[in-house]
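Okay, structure first, notes after.
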Protein chains: 2
Amino acid sequence: MAAPRLIDVARHAGVSMKTVSNVVNGYRHVRPDTRQRVQSAIDALGYRPNASARRLATGRTGTIAVVVWTTDVPYFGEIARALQIAAQAHGQRVVVEQLTPRTEPERAVLQNRDRGLVDGVIFHPVRLTADDLANLQPDFPLVLLGEAIRPTAIDHVGVDNVAAAAAMTEHLIRGGRRSIAFLGRQREPMGETSRQRLTGYRQALAAAGLPHDPSRELLLDGLSADGGYRVVAAALAGGTRFDALFCRDDLLAAGAIHALHDHGVSIPEQVAVAGWDDLQISRHLTPSLTTLATDKAGTAETAVELLIDRMNGFTGAGRHRQVEWRVVERASTRGP
Amino acid sequence: MAAPRLIDVARHAGVSMKTVSNVVNGYRHVRPDTRQRVQSAIDALGYRPNASARRLATGRTGTIAVVVWTTDVPYFGEIARALQIAAQAHGQRVVVEQLTPRTEPERAVLQNRDRGLVDGVIFHPVRLTADDLANLQPDFPLVLLGEAIRPTAIDHVGVDNVAAAAAMTEHLIRGGRRSIAFLGRQREPMGETSRQRLTGYRQALAAAGLPHDPSRELLLDGLSADGGYRVVAAALAGGTRFDALFCRDDLLAAGAIHALHDHGVSIPEQVAVAGWDDLQISRHLTPSLTTLATDKAGTAETAVELLIDRMNGFTGAGRHRQVEWRVVERASTRGP
DNA sequence: CTGAAAGCGCTAACAC
DNA sequence: GTGTTAGCGCTTTCAG
């Protein structure tokens, strides 16, 4: 049997569709006994509103799409949760979408997007280049997360990666480290995240008068703990020397720690290790991981606020918000 | 200006709505030049179909909802990714929904669900009780993941938790461990996951003639690494003795390892540690974590197949599929 | 191969 | 307070 409709409920209760609609939507001015009668009909028939019809009629969905690369990277899982909580405070539902593996470029996520599915999109790109961003002309509310290029027309929330990466590098230098490696270079075209963190790392080295040694800029082999393990294991086997390792993110750091352990390198005595993201798991690694913590809750709240402005019709220029960050010092970088 | 509609494209191209619809939906029998003209109009106007209208007209969405507790628990992030990949092979899109923190019970997720939003739901409950399941009468395609009670009318994919937990406990016993603790008891009403794994643990102890010591069944304080740390730290401080610790899942195990380290307990020499889920991070913990690996890809594929049967109108009794599991032995349980 | 018209289920004016 | 009715943008018979 077909799902009951509004009109079925109306007939069952002996009222009009409008009245049922009023009850379903919690409209205040309905006589108590009428409301009661309608509610009984709803329960009796097992009526549930059809979201597509409602959306088509109202033009709104009450839903925000959060688009991430993949939820099996913990950082994306954590930011997606933060966004859901932030959106909920504004009465918005969140659905998380993941990029299709090995098919379309990230650009397509924004260009081939059906209308009417969500009211707005919060997107955390991973490989979007400056060119992609410049050509982006979304005709729906959109907020970007992460390391977008600043002078773009689209709203964006992120941290000052260059400054933060420099601060972490300085932290390592203050700890007495002199040959600091960076795990996070990428083949060109390098993503903005890697580029900016690498820039901050180089700036801090230069400011401290430390030599720039390209062999200590380790080339990534995937954004995963496994990839971190492989690269660091290969570097150690290849004779690369360093007394500190600054990793582009905590997942890579976890793999790096594993590789260092396997090669009998003690942390932090012989090599200090630092990461980025402050994942929930990071404090429980051995040793507990020093990391650059960005304000995820703040990022989420800011992104949702900017998006809701747009959903409410704001059409000004792209706004760029920086959120807080700090170096969280743990055992992996204590004393040389 | 308002978003262009199908009819706008039709007028622009000098054809009817039907023809534009044919082009948009890749219908084969359209004359090449007509198709070309329509496509030009689509590009010129920047037309994108309205998903709500299409869904209302067709009654289908091409979308599956994956409902999990929260994406910031890595297990859920990993299974959500596996489900997306499996669904994609069937031409279905996946949206991930998270439970609203601290409000409605899980039951509400299934009962208060709007129609027309998705074609089917794959739900991994965490706290659903046997009673909840018995009373569940969803009128939409639904597949449950995890440790649902077997004799339910709803399709379900999981592993044989009792057998698997017993196998892991036997693995620890074979390694020479005699006082094996279990981290994962819960206050009543205990979730099915904890209950079944605890049962398997007890059965294996009994089968090996080892005494049952309730003080070694550690009560959970949240399903997080932090919670695992707190419980194990308190147990050690309280004088609980054990030479192996079987954790309900890898996240708890990560916290447990951290607590053991902090208390100067060596792993695996003094205490062997085992987990469950085989998270991507688990092999990179120190020591590398022995874990019960369930077949996530297989779970995802099976769940999607069952769901698609239902979406295609299958109305038979609830089907229950068991997927493969195995003990993955790593350094955390090697030699006493 | 293309056009015309009737819905899909709901909301929102506008009457009453 | 409650009923009537005209769309929301698209698909889908059914003609032609």
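Would you calculate, for chain B, the mean residue ellipticity at 222 nm contributed by helices, counting each DSSP H stretch of 4 or more residues as -39,500 (n - 2.57) and dividing by all residues, to the nearest 500? Present the calculation step by step, with values, prior to reporting the outcome.
Working: 12 runs with 136 residues, N = 336.
About -12500 deg cm²/dmol.
Need the C-alpha centroid separation for the stretch B:235-260 versus the stretch B:109-137, integer Å.
Using only Cα atoms to place each centre, the spacing works out to 34 Å.
Based on the Cα coordinates of the stretch B:6-57, what is the per residue volume of their convex hull in Å³? Mind dumping the intermediate values first?
Working: hull volume 3.7 nm³, N = 52.
Taking only Cα atoms, the stretch B:6-57 has a hull volume of 71 Å³ per residue.
If we sort A:140-150, B:178-188, B:22-32, B:268-278 on the protection proxy, mean other Cβ atoms within 10 Å, highest first, what's the order? Kindly include the intermediate steps, with their values, before the conclusion.
Details: A:140-150: 21.5, B:178-188: 18.8, B:22-32: 11.5, B:268-278: 24.2.
Final packing ranking: B:268-278, A:140-150, B:178-188, B:22-32.
Straight distance only, please: which aspartates and glutamates reach the Cα of A:Lys296 with their own Cα at less than 16 Å, same-chain residues fewer than 8 apart left out?
A:Glu78, A:Glu147, A:Asp160, A:Asp249, A:Asp250, A:Asp277, A:Asp278, A:Glu305, A:Glu324, B:Asp72
Going by alpha carbons, how many degrees (0 to 90, nearest 10) lie between the helix axis of A:161-174 and the longest principal axis of chain A?
On a 0 to 90 degree scale, this one is about 40.
In degrees between 0 and 90, to the nearest 10, how far off the longest principal axis of chain A does helix A:250-262 point, with axes built from Cα atoms?
40 degrees
In peptide A:221-228, what is the residue-averaged number of other protein chain Cβ atoms found within 10 Å of each Cβ? Mind dumping the intermediate values first?
On the way: counts 0, 0, 0, 3, 7, 4, 0, 1.
The per-residue average across the peptide is 2.
Report, for B:Thr34, each distance to the same residue's label point in the other copies, shortest first and in nm; define the point 7 Å along Cα→Cβ.
5.0
Let me have the relative contact order for the stretch A:6-57, percent, based on Cα pairs under 8 Å that are six or more residues apart. Walk me through the numbers before you get to the answer.
Values: 34 pairs, mean separation 19.0, N = 52.
It rounds to 36 percent for the stretch A:6-57.
Please compute the average number of Cβ atoms from other chains found within 10 Å of each residue's Cβ in peptide B:106-118. Spell out each step's value before the answer.
Numbers: counts 0, 0, 0, 0, 0, 2, 1, 2, 8, 10, 10, 9, 2.
Averaged over the peptide's residues, the number is 3.
Give the nm distances, rounded to one decimal, from B:Pro105 to the matching residue in every other copy, measuring between label points 7 Å along Cα toward the beta carbon; shortest first.
5.1
So for chain B, averaging the separation of alpha carbon pairs under 8 Å that are six or more residues apart and normalising by length, what relative contact order in percent results?
Details: 598 pairs, mean separation 53.3, N = 336.
Over chain B, the number comes to 16 percent.
Would you please give the residues with an amide H less than 5 Å from that of A:Val94, counting only those at least 5 places away or on a separate chain, with H modeled from the backbone geometry?
A:Ile64
Across the stretch B:283-292, in residue order, what do the Karplus-derived ³J(HN,Hα) couplings come to in whole Hz, using 6.51 cos²θ - 1.76 cosθ + 1.60 with θ = phi - 60° and x for Gly and Pro?
6, 9, 5, 10, x, 3, 8, 5, 8, 8
Hey, what did the stretch B:55-103 get for relative contact order, percent, Cα under 8 Å, at least 6 apart?
Working: 47 pairs, mean separation 23.5, N = 49.
Once normalised by length, the contact order is 48 percent.
Taking chain B as the reference, fit the longest principal axis to its C-alpha atoms, fit the long axis of helix B:225-237 to the helix C-alpha atoms, and give the angle between the two in degrees, 0 to 90, nearest 10.
The angle comes out at about 10 degrees.
Non-local amide H neighbours of A:Gly275 (under 5 Å, H modeled in plane, Pro and chain starts lacking H): which ones?
Sorted by chain and number, the residues that satisfy this are A:Cys247, A:Thr290, A:Thr291, A:Leu292.
Apply the Karplus parameterisation 6.51 cos²θ - 1.76 cosθ + 1.60, with θ equal to phi minus 60°, to every residue of the stretch A:93-100 and state each ³J(HN,Hα) to the nearest whole Hz, in sequence, with x for glycine and proline.
Taking θ as phi minus 60°, the curve returns 8, 10, 10, 9, 10, 10, 5, 6 Hz for the stretch A:93-100.
Using a label position 7 Å from Cα in the Cα→Cβ direction, what is the ascending list of nm distances from A:Ala208 to the same site in the other copies?
4.9
Every number here is computed from the coordinates shown, using simple stated rules; none is lab data. Predicted, not measured: the structure shown is a model, and the values here were computed from it. Glycine also receives a Cβ, built like all others from the backbone with ideal geometry; neighbour counts cover every protein chain displayed.
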